[in-house]
1. Examine the stretch 208-220 for a residue that is in contact (Cβ under 8 Å) with a residue 40 or more places away in the chain and surrounded by 23 or more Cβ atoms within 10 Å (Cβ to Cβ), and state whether such a residue exists.
2. Quick one: residue 161 ticks every box in (1) buried (at least 17 other Cβ atoms within 10 Å of the Cβ); (2) touching a residue at least 60 places away in the same chain (Cβ under 8 Å) bar one, so which box is it?
3. Here are 124, 108, 116: which of them is of a type in the set (Asp, Glu), at pLDDT 95 or above, in contact with a Phe, Trp or Tyr (Cβ under 8 Å, 6 or more places away or on another chain) and under 25 Å from residue 180 (Cβ atoms)?
4. What residue, of 286, 313, 248, 297, is out of contact with any helix residue (DSSP H, G or I) (no Cβ under 6 Å at 6 or more places or on another chain), modelled with pLDDT under 95 and surrounded by fewer than 18 Cβ atoms within 10 Å (Cβ to Cβ)?
5. Select the strands (runs of 3 or more DSSP E) contained entirely in the stretch 149-217, then report the ones holding at least 3 residues which are under 16 Å from residue 238 (Cβ atoms) and modelled with pLDDT of 95 or more.
6. For the stretch 164-179, give me each residue that is closer than 15 Å to residue 203 by Cα and among the β-branched types (Val, Ile, Thr).
7. Quick one: is residue 194 more than 22 Å from residue 118 (Cα to Cα), buried (at least 16 other Cβ atoms within 10 Å of the Cβ) and assigned by TED's automatic domain parsing to the domain that holds residue 112?
8. Looking at residue 174, is it on the phi > 0 side of the Ramachandran plot, in contact with a Phe, Trp or Tyr (Cβ under 8 Å, 6 or more places away or on another chain), surrounded by fewer than 20 Cβ atoms within 10 Å (Cβ to Cβ) and not assigned by TED's automatic domain parsing to the domain that holds residue 262?
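The values are calculated or read from the model by the stated rules, or taken from the named source; none is laboratory data. Owing to the predicted nature of the structure, the values given are computational and were not obtained by experimental measurement. No Cβ is skipped: glycine too gets one built from the backbone with ideal geometry, and neighbour counts run over all protein chains shown.
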Amino acid sequence: MSDSYLWDRSGEPDPEVQRLERVLGTLRYDRPAPDVATASRNRIRRWLWVAAFVAAAAVVAFVVSLSRPHSAPGAAWDVSRVDGAPCVGTTAFDGSAKLGIGEWLETDGKSRARIDAANIGHVDVEPDTRIGLVATGRDEHRLNLAHGSISAKVYAPPRLFLVETPSAVAVDLGCAYTLEVDRTGAGVLSVSSGWVSFERDGRESYVIKNAECRTRPGIGPGTPFMRDAPEALQRALYRFDFEKGGSAALHEVLDAAREIDNLTLWHLLSRVDGVERERVYDKMVAHCEPPDGVTRAGILRLDKSMLECWKLALR
């Protein structure tokens, strides 16, 4: 775990932390016991207070760690050379450099670099990549991948770390992933651990471990699929997402879908309607029963709480 999650007492005192410490400081019981029975009761009470104090202190430390920025707002990020001659702006560096807001890191066909992402993780930058720092602060750390390939590994609260692409934004939910974008703006997100939300203009695709999601300019993210999904499913899904494949493509997806492909089918529930939504639901249920509290009627009307419940069960 990053040192940024420790309770740092350096610097100016935090009034909120001091207030919480005073409250927690009252959780003590150290009066002398007048007799054996009372002493026994007091020992039990003391242990209960200690347990309560430890639990409360842990909660306070966690809340404080999340409430503080992982780096000073607007601070430049450290970049280290891995291979070749990467550049920040037009300046090549050998060793390390700083990437400030509004600046671009570029690698040629023989260069690679690593970005220290505000002490919450790192981003490995592959050859032929252009990536810029858009924002960094308490509430958001944001990069812009114009083209190329990166691998990100991040340990942070959800929705703190984001990577823009020309056609979608990858929103970290605590994960490791790779993101590739070609010079037309088309891209693919591949997740190796955790979850990533791939978003554009209110359209969201939730990508889990061992799944991928494609994106295209003017359309945004498509429907996620497992990396080992049948080729027939992947081809039909591409037509459905980006070539207006319609009902014919959807039926091919349903025919090829396995139980593990319920991730794909879950997304399709809200991307089709009428009889087609019923067919998607029936295919999912044929694979496995929905979680408790999730009903056919609720899913067919796209009940948000039921959809969320089923989505979480797909992890």
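1. So far as the stretch 208-220 goes, yes, one or more of its residues are in contact (Cβ under 8 Å) with a residue 40 or more places away in the chain and surrounded by 23 or more Cβ atoms within 10 Å (Cβ to Cβ).
2. (2)
3. 116
4. Values: 286 fails: modelled with pLDDT under 95; 248 fails: modelled with pLDDT under 95; 297 fails: modelled with pLDDT under 95.
One residue alone meets the criteria, 313.
5. 187-200, 211-216
6. If the condition is that a residue be closer than 15 Å to residue 203 by Cα and among the β-branched types (Val, Ile, Thr), then 165, 169, 171 are the ones that fit.
7. When the stated conditions are applied, residue 194 does not pass them.
8. yes
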